[in-house]
């Protein structure tokens with residue numbers, strides 16, 4: 001399992017019993033309002049044909065192979081609880097349900113499943129996290145999921161797929177390709193490889209770019225489904241890279257944010273990759289635990305900080321997150337302070353209002369009265 005999943009699962013301990021702060025419905029610029037709640041581990045977001053799509057990783061299930069454990073050491077349980085949904089007027093409409101999901105947290109928090117969604121000229125592209133090889137090799141000998149869950153895992157995990165008016169199809173098995181690559185190149189990160197967890201995507205023309213948080217890779221998938229490893233993000237001393245987001249920016253560049261667990265506060269970075277030059281370089285530094293990124297229509301950049309006060313997955317960790325805006329002239333400002341908690345993903349509407357998944361590692365069923373659930377929130381801008 002990837003370190004990204006370990007981070008999310010550990011952080012839940014703090015989220016489950018910590019103090020709550022509800023979002024306001026005020027309409028002032030920079031205000032945060034909840035547009036949907038009761039979501040199961042909401043992750044990536046995208047606008048397509050005027051609709052806001054959200055990838056719900058699900059909440060695991062009751063299929064718990066004997067002896068199988070997850071990143072936190074708890075029983076690994078799976079089920080068909082993931083979904084692709086749209087949000088309209090506060091209502092959640094499931095467009096594709098019954099997707100594979102697994103978690104080792106009681107109740108299904110910090111689950112893995114569908115991770116990201118992006119708009120294309122013909123419809124949508126969907127990205128599932130983890131990899132079939134990674135999951136199956138983690139199971140004890142002789143242990144397996146039931147027939148339905150096993151078939152769903154083999155059909156979905158790590159896949160990049162398209163969804164249009166004529167149906168859907170698999171474009172590439174990014175997860176297994178990256179898992180195999182890390183096995184061949186295990187010397188790069190010997191304490192973690194082989195590993196793979198495709199986490200975010202950006203579509204530029206006929207090519208899709210994927211940030212793999214487990215493989216520490218930026219990869220491309222062309223129109224023929226060929227997967228190419230473009231850039232490797234090495235682990236600095238005492239921390240992991242964990243690239244978690246990728247956004248298409250101006251002048252043919254991609255921008256990639258890192259979760260950077262183990263980094264001291266303010267030591268996270270955003271990297272820039274030149275599509276034509278194939279060059280990876282440091283773009284901006286001074287970030288904390290980035291788990292989403294993107295541009296608005298004016299060219300301003302946004303980094304979603306999963307934990308704004310530095311990586312700390314312990315029970316005393318601070319769940320507060322925020323969004324760092326970098327204007328075209330380089331000026332920085334912070335949005336959502338005090339109202340974002342473990343935020344993830346990023347999308348903007350036609351008016352440049354910002355949307356992120358809030359409490360992105362929680363399920364739709366609260367742990368107790370007044371406890372948070374997965375949300376999508378809007379930041380008026």
(request) Considering every residue within the range 167-184, establish whether at least one is part of a loop (DSSP other than H, G, I, E, B) and either surrounded by 15 or more Cβ atoms within 10 Å (Cβ to Cβ) or without any contact (Cβ under 8 Å) to a residue 12 or more places away in the chain (or both). (result) no
(message) Just to be sure I understand the filter: pairs with C-beta atoms under 7 Å, separated by 6 or more residues or on different chains, first member in the range 359-381 and at positive phi and in contact (Cβ under 8 Å) with a residue 60 or more places away in the chain, second member surrounded by 22 or more Cβ atoms within 10 Å (Cβ to Cβ) and part of a strand (DSSP E or B). Which pairs pass?
(response) 359/341; 359/374; 359/375
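Looking at 210, 219, 246 in this structure, which one is more than 16 Å from residue 117 (Cβ to Cβ), in contact (Cβ under 8 Å) with a residue 40 or more places away in the chain and assigned to a strand (DSSP E or B)? Quick ask: steps written out before the conclusion?
On the way: 210 fails: more than 16 Å from residue 117 (Cβ to Cβ); 246 fails: more than 16 Å from residue 117 (Cβ to Cβ).
None of the others qualify; the one that does is 219.
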(message) Return the residues of the range 50-60 that are in contact (Cβ under 8 Å) with a residue 12 or more places away in the chain and either over 22 Å from the mean Cα position of the chain (by Cα) or farther than 22 Å from residue 214 by Cβ (or both); say none if nothing qualifies.
(response) 51, 52, 53, 54
(request) Write out, first by first residue and then by second, each pair whose Cβ atoms fall under 8 Å of each other, whose residues are 6+ apart or on separate chains, and whose first residue, in the range 107-119, is in a strand (DSSP E or B) while the second is surrounded by 24 or more Cβ atoms within 10 Å (Cβ to Cβ) and at pLDDT below 95. (result) 112/5
(message) Among the numbered criteria (1) outside any loop (DSSP other than H, G, I, E, B); (2) free of Cβ contacts under 8 Å to residues at least 40 places away in the same chain; (3) buried (at least 17 other Cβ atoms within 10 Å of the Cβ), which one does residue 308 miss?
(response) (1)
(message) Checking the structure you have, find out if any residue of the range 235-245 is at pLDDT 95 or above, more than 14 Å from the chain's Cα centre (by Cα) and farther than 21 Å from residue 171 by Cα.
(response) no
(message) Given the criteria closer than 29 Å to residue 280 by Cα, surrounded by 22 or more Cβ atoms within 10 Å (Cβ to Cβ) and more than 19 Å from the chain's Cα centre (by Cα), does residue 207 qualify?
(response) no
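The values are calculated or read from the model by the stated rules, or taken from the named source; none is laboratory data. A quick note: this is a predicted structure, and the numbers were derived from the prediction, not measured. Because the Cβ atoms are built from the backbone with ideal geometry, glycine has one as well, and the counts that use them run over all protein chains shown.
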